[in-house]
Structures are given as structure tokens and as C-alpha cells.
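To keep things clear, I will list the structure first and then write my remarks on it.
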Amino acid sequence: MAERIEISVIFLVYMLLMMGIGVYYYRRTRNMSDYFLGNRKLGAWVTSMSAEASDMSGWMLMGLPGFAYTAGLNAGWIALGLALGTWANWQFIAARLRVYTELAHNSLTLPDFFENRFFATSGALRIVPAIFILIFFILYTSSGFVAAGRLFETIFQLPYLTALLFGAVVVVFYTLVGGFLAVSRTDFIQGVMMFFAILVVPVGAALMLGGFSATADLIHAQHAEFFAPLTKPDGSTLGFIEFISLMGWGLGYFGQPHILVRFMAIRHAEELPQATRIAMSWVVISLSAAILVGMVGAVYLKTPLAGTATETVFLTMAGELFPPVVAGLILAAVLAAIMSTASAQLLVAASAFAQDIYRRSFRPEAQQGELVWVSRLSVLGIAAAAIYLGLSPDNFILDMVAYAWAGFGAAFGPALLMCLFWRRTTERGVLAGIVTGGVTVLVWKQFAFFGLYEIVPGFLLALAAIYVVSRLDAEPPAAVTELFDRVDRQ
């Protein structure tokens, strides 16, 4: 009982700190650019840590270790795909997107950019992407709420529904009041916490088992298959389609709105090389440590975990390894991971509704203050839908994230790449690509053709649709190509 009280105090202090940051930045939020992009004034450290914290989320501390708990180094293919995708995103997308969105009428959201990129007036390039953003972010945010529910359920023995609602309220509060500046500042804090937490747990467990060499020998003796990255948990060999599916996670980076918006918000494009180095160091070390958590946990924990409980391996190890105060800090890092991504997703989904649906379709004359309040109200509606989808605790967090990740990657990744790098891209081509990618993921997921991860066919078909439709379409107007050339000259 005393241990639970100590952990509760740590959690309470942490949540009050995050809420305090939200209230502070609430008072500094004056307009839509402040609320959604922090008025483009984030430095390299905050940009990089915020991007990666909002990217990796609770699945890095729960979903990925849970997969590694049963699959060993087989889980490394997801990590490798993600690391390569992260590098490509920072290396090729970040700087050009930062420049392009500012020149394209100071675009605040991804749909905003698509429309401004082509000087489009029909509204389709705002409304269609915004619809897909709402669909997939409700699912994505739901996975975060499920992770929060599982966290509070595990630590405090709360009923799952109570735990789910409690976690959701905390996330919604500081997203609601603070906007982008609050989320980015808290993401920086949470990124640091996640980094140290994911390192200290496998290292602590290995030391308890007699050191790194002894731990490796123990894993080899009990789970020799863990060291065979081409062997699946059931002992069969990893096939080509399964390999492509695992590596295909990397494709998703080009279309994740909550990550891309960080690139749009950095103070100067010249700071991006430093931000890239920081982000890549964080990603490589953190993903490697997450896999180690699962592998070491398989020999450290005396009671085997099964089913969705495998995704609590990090939580269980932290509780057993450390005294309550330290365990409370580490478990607060899990909450940090969940809060960082869920809040970022709520913010982007709210911006899609306010800026790209409400203002475009219903209230074109809406003023800045009205749009900020509409965004805050839409956060509540989106969160309610996400809570509803998360009511069942039986879903695997990793599966829920994979579905949403594929949806964004296929719907927006090819569209963004072609918008940034192909001068001949047309408005109709991009619209065709967004619809093709998003619908392919929604349909493919239901039938699981060939066992192939839905992002792969969705991404490829979207690229093909953009190319074919753009080629069949008339040349882009002179204003569109002139804007493209201006970006080239920057």
C-alpha cells in the first residue's frame, strides 16, 4: 500500500507539472499560428525531441518491447525500418517542407499546404485529406488511450474503464488549453524522460542477472531463437512478404501529420542539420533499448506473460527492479510517451477540423479567436470518439498503431513526396493519390491479402495514381510552377 502511495505521488506531481505548462502557454496563445505551429519559433533541440516523442509514443515502451518479448531480434526489422524512415524524413523532407509551407501562404496544416501548393479553390484538397486525418487519428489516439488505460490498470489495479478515462482527461486538458507550444515543451520533457527510462530498465535487469555477458548467455540458453532475426516466434523462417511488411513501417514517416508539423515549426531551416543529429541519436538508441527490454524481460521475469499482457513487460520490470520512487519516475515516462503522442495527434486532428473543414466549408469568415475555440471543442469530440474505440482492453497497442500508421503513410506520404519534388504534379493527381492510398489501407486491412502490411500496397498504388493522373492532366498553371521554382532557389 505504501509503495502504491509513493508511485501515486510521483504521478500526481508529474501530471500537475504538465497541466501547469498547458495553463502557462494558454495565456500565450494569441492566434492560429501560435496554437498550431508555435508561430514557427522552435529551436533544434525542442523540434527534434518533440518530433521523436510524438512519433514513438507509448508503443515504443509497451508495444515494441511486447513484440520483442516473443520475437527477439525479429522485432529489429521494424526498428530498422523506422530508423531508416526517420533519417530519410529529416534528411530529405524537413528543410524543403519548412520552406515550402511558409512560402505557400504560411500553411499551418498538411491539407492547408496541399491546397496552397496548387492555389486550389475547390476545397477538395482540404476536405478530403482532413477526413482521412480524422479517421486515422481517432484510431491512433485510441491506441494511446488504451496504453494509458493499461498503464493505470497495471499500476493502481484500477478498473480498465476508470483507468482509460483518467488517462484521457489528463491528455485532453493540456492539449485543450495550451496548443502547440504546450505540447512541444512537454514533448521535450517527455522525450528526455522516455530516453532515460528505456535505457535504465534493461541495463538494471541485466546487472541483476549478473551482467551483460551473463544475460546474453541466459537468453541464448532459454530463447536461442531470439538471436535468429530471420526466425519467427513459432520457429518458421521469415518470408519475403513478412520481411517487406516489417521494413515497410519506414514508409509511414513521409505521411505522419503530427511529425511533419514539427518540421514546419522550426525557427530556421538552417537549424535542421543539428536537429537531425539529435533526433537520429535518440531514435537509434531508444529503439535498440526497447528491443532489449523485451529480450531481457523474457529471462528476467519469473512469471511468463501472454497475450496482451506481453505489452506490459516494461511496466512489470520497472515495478520489480526499482524502489517505488524510482519506479514511479520510470513509469511516469510511460505516461509521458503516451501523452506526447496522443496530445500531438489530438492537436493535428483538431486543426484539420477547424481549419480545413469548419472554416473551408461552413465559416470562411471565421476570425482567429473563433477558430481557436472551435479547435478546442473539436479536441473534446475527437477524444470522445477515441475513448469509445478504446473501451475494449483486448486490442494490441501495436496492431492499432500499425493500422493508423499505414493509413497516414499511404494517404499522405506519396502525395507529400510528389508535391515537394516533382514539378509536374497536379492538383487532381495529388487528390487521386490521397484517396487511393487511404482507401487501399482501409480495404486491405479487412482482407489482409497475402499477409502483406497494408502500407506497402497503399503507398505504391498512391504513387502510381499521382503519376498517371498528373500525366493525363493538363500542365500545372504558371503560378504553381513558379512557386515550386522559388522553393528550389531557397
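The values are calculated or read from the model by the stated rules, or taken from the named source; none is laboratory data. Since the structure is predicted, the reported quantities are computational estimates derived from the model, not experimental observations. All Cβ positions, even for glycine, are placed from backbone atoms using ideal geometry, and neighbour counts span all protein chains on display.
Of all the listed residues (ILE466, ILE455), the sole one being among the hydrophobic types (A, V, I, L, M, F, W, C), under 19 Å from PHE243 (Cα atoms) and in contact with a Ser or Thr (Cβ under 9 Å, 6 or more places away or on another chain) is ILE455.
Within the stretch 233-268, the residues that satisfy the criterion of being closer than 22 Å to LEU84 by Cα and part of a loop (DSSP other than H, G, I, E, B) are LEU238, GLY239, GLN256. Within the stretch 352-366, the set of residues being of a type in the set (A, V, I, L, M) and either at positive phi or not in a helix (DSSP H, G or I) (or both) comprises just one member, ALA366. Per the conditions (1) at pLDDT 95 or above; (2) surrounded by fewer than 24 Cβ atoms within 10 Å (Cβ to Cβ); (3) touching a helix residue (DSSP H, G or I) at 6+ places or on another chain (Cβ under 6 Å), the sole criterion not satisfied by PRO65 is (2). Considering the stretch 192-248, the residues that are surrounded by 13 or more Cβ atoms within 10 Å (Cβ to Cβ) and of a type in the set (Ser, Thr, Tyr) include one that is farthest from LYS302 (Cα to Cα), namely SER245.
In the stretch 290-313 there is at least one residue matching the filter, namely being in contact with a Leu (Cβ under 8 Å, 6 or more places away or on another chain) and under 30 Å from LEU380 (Cβ atoms).
Residues are listed down the side, and each one gets a yes or a no for (1) under 16 Å from the mean Cα position of the chain (by Cα); (2) closer than 24 Å to ALA214 by Cα:
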site: TYR253; (1), (2): yes, no
site: HIS258; (1), (2): yes, no
site: GLY294; (1), (2): no, yes
site: ALA306; (1), (2): no, no
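Return the residues of the stretch 286-307 that are surrounded by fewer than 18 Cβ atoms within 10 Å (Cβ to Cβ), at pLDDT below 95 and in a helix (DSSP H, G or I); say none if nothing qualifies. Result: GLY307, single match. Just wondering, is there one or more residues in the stretch 97-114 that are of a type in the set (Val, Ile, Thr), surrounded by fewer than 24 Cβ atoms within 10 Å (Cβ to Cβ) and in contact with a Leu (Cβ under 7 Å, 6 or more places away or on another chain)? No, the stretch 97-114 contains no residue that is of a type in the set (Val, Ile, Thr), surrounded by fewer than 24 Cβ atoms within 10 Å (Cβ to Cβ) and in contact with a Leu (Cβ under 7 Å, 6 or more places away or on another chain). In the stretch 405-450, of all residues being in contact with a Ser or Thr (Cβ under 7 Å, 6 or more places away or on another chain) and of a type outside the set (D, E, K, R), the one that is nearest to LEU251 (Cα to Cα) corresponds to ALA410.
When we screen VAL128, VAL146, VAL99 for residues that are within 23 Å of THR276 (Cα to Cα) and of a type outside the set (Ser, Thr, Tyr), the only hit is VAL99.
Among residues of the stretch 398-415 that are farther than 16 Å from ALA342 by Cα, those with a beta-carbon under 8 Å from a residue that is among the polar types (S, T, N, Q) and outside any helix (DSSP H, G or I) at least six positions away or on a different chain give the pairs GLY409/GLN256; PHE412/GLN256.
Checking GLY433, GLY451 one by one, the residue that is in contact (Cβ under 8 Å) with a residue 40 or more places away in the chain and small (Gly, Ala, Ser) is GLY451 and no other. Of the numbered criteria (1) surrounded by fewer than 24 Cβ atoms within 10 Å (Cβ to Cβ); (2) under 17 Å from LEU398 (Cα atoms), the one MET339 fails is (1).
Here is a yes/no grid of residues against (1) closer than 21 Å to LEU17 by Cβ; (2) in contact with an Asp or Glu (Cβ under 6 Å, 6 or more places away or on another chain); (3) surrounded by 22 or more Cβ atoms within 10 Å (Cβ to Cβ):
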{"position": "ILE131", "(1), (2), (3)": "no, no, no"}
{"position": "THR141", "(1), (2), (3)": "no, no, yes"}
{"position": "ARG150", "(1), (2), (3)": "no, no, yes"}
{"position": "PHE156", "(1), (2), (3)": "yes, no, no"}
{"position": "TYR160", "(1), (2), (3)": "no, yes, no"}
{"position": "ALA168", "(1), (2), (3)": "yes, no, yes"}
{"position": "VAL171", "(1), (2), (3)": "yes, no, yes"}
